[in-house]
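Heads up: the structure comes next, in structure tokens.
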Amino acid sequence: MRVDVVSIFPEYFTPLDLSLVGRARANGVLRLAVHDLRSWTHDVHRTVDDTPYGGGPGMVMRPEPWGDALDALAPAELTPGGLSPDGLAPDGLAPDGLAPDGLAPDGLAPDGLAPDGLAPDGLAPDGLAPDGLALPRLLVPSPAGEPFTQAMAHELAGESHLLFACGRYEGIDQRVLDHAATRMRVTEVSLGDYVLFGGEVAVLVILEAVTRLLPGVLGNAGSLDEESHAHGLLEAPMYTKPAAWRGHEVPEVLRSGDHGRIARWRRDEALARTATRRPDMFAALDPASLDKRDRAALDRAGFQAPPGHVAK
Ligand code: ADE
């Protein structure tokens, strides 16, 4: 996957050299480039902000540097025709924005894309993108965005090119997003119902959640299936050695070696935890996914399973 990040604080992204994200970069699974928005300014002060029209506190990011940054990282020649009125990508691109043909099986952009993401060799004479070159998906972190979820992480992990625009202050002039939306998919995304100083931390979070879903990044891909949020449930608590620690014992069932009982216990714990901690997730559970034993476990924990068809 190719990722470009534009920010006035490129130093924020040094942690992406570490740990499994760092390894994904070293392996080439993640091809990340961080760009300083100020390199697209043209005045001596390298100005990126100004006062808001209509008044009010704070500053707004000016459109010009953003426009030039997006033009450089998602060149117009690669996104011919703009989006159709129904908001779908131009002809030949699937609605999810993935290129239908020619995308390498590992999801990487085809050869010929320059590492800095600027115009690749091999543009067709008519200026159209070569087959298989996916449009970038522009992501703009904002407290006013769509909530970031594990489902969105999976969706983003299926993209071949993400472009993040990190706003600061009171945000980016809306026309930058409106103009970008005429030629690429734009999603404003929120980490949660609180306000950060800017989008940088949100990008770190989103990139970590997405990178661990890329093929080959996690040693044991099975763990993706069991973790919290994988099936609309929180995960059961986990334990390791020693069996007793400061007077607290690992539950006997986990030491029993009885895989059936262990799986049942974990499911019961996951259900009870979800009902207790996340009533919103509990209410959204598909009733048909809860069998009689699930319902009995919830009953014992003092919760009423959502009504509906009971799975066998
Ligand atoms: N920028 C400021 N606050 C944010 C939030 N909650 N999520 C994403 N980006 C933000």
- Residue list for segment 224-256, filter: closer than 14 Å to A270 by Cβ and of a type in the set (D, E): D225, E226, E227, E235
- Query: Looking at segment 135-146, is at least one residue over 22 Å from R62 (Cα atoms), modelled with pLDDT of 95 or more and surrounded by fewer than 16 Cβ atoms within 10 Å (Cβ to Cβ)?
  - Reply: yes
- Query: Of the residues in segment 153-170, how many are more than 8 Å from the ligand (Cβ to nearest atom), of a type outside the set (K, R) and within 25 Å of D49 (Cβ to Cβ)?
  - Reply: 7
- Message: Exactly one condition in (1) touching a Lys or Arg at 6+ places or on another chain (Cβ under 6 Å); (2) surrounded by 14 or more Cβ atoms within 10 Å (Cβ to Cβ); (3) more than 16 Å from P10 (Cβ to Cβ) is false for R62; which is it?
- Response: (1)
- Keeping to segment 171-200, report how many residues are within 10 Å of the ligand (Cβ to nearest atom) and either closer than 22 Å to P57 by Cβ or in a loop (DSSP other than H, G, I, E, B) (or both). 13
- Identify all residues within segment 46-59 that are in a loop (DSSP other than H, G, I, E, B) and buried (at least 17 other Cβ atoms within 10 Å of the Cβ); write none if there are none. V48
- Filter result for the condition that a residue is modelled with pLDDT of 95 or more and in a loop (DSSP other than H, G, I, E, B), over D68, D43: D43
- Identify the single condition in (1) in contact with a strand residue (DSSP E or B) (Cβ under 9 Å, 6 or more places away or on another chain); (2) in a helix (DSSP H, G or I); (3) acidic (D, E); (4) closer than 16 Å to L32 by Cβ that E208 does not satisfy, given that it satisfies every other one. (1)
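The values are calculated or read from the model by the stated rules, or taken from the named source; none is laboratory data. Everything numeric here is computed off the predicted structure, so don't read it as measured data. Neighbour counts are summed over all protein chains in view; Cβ atoms, including those assigned to glycine, are modelled from backbone coordinates with ideal geometry.
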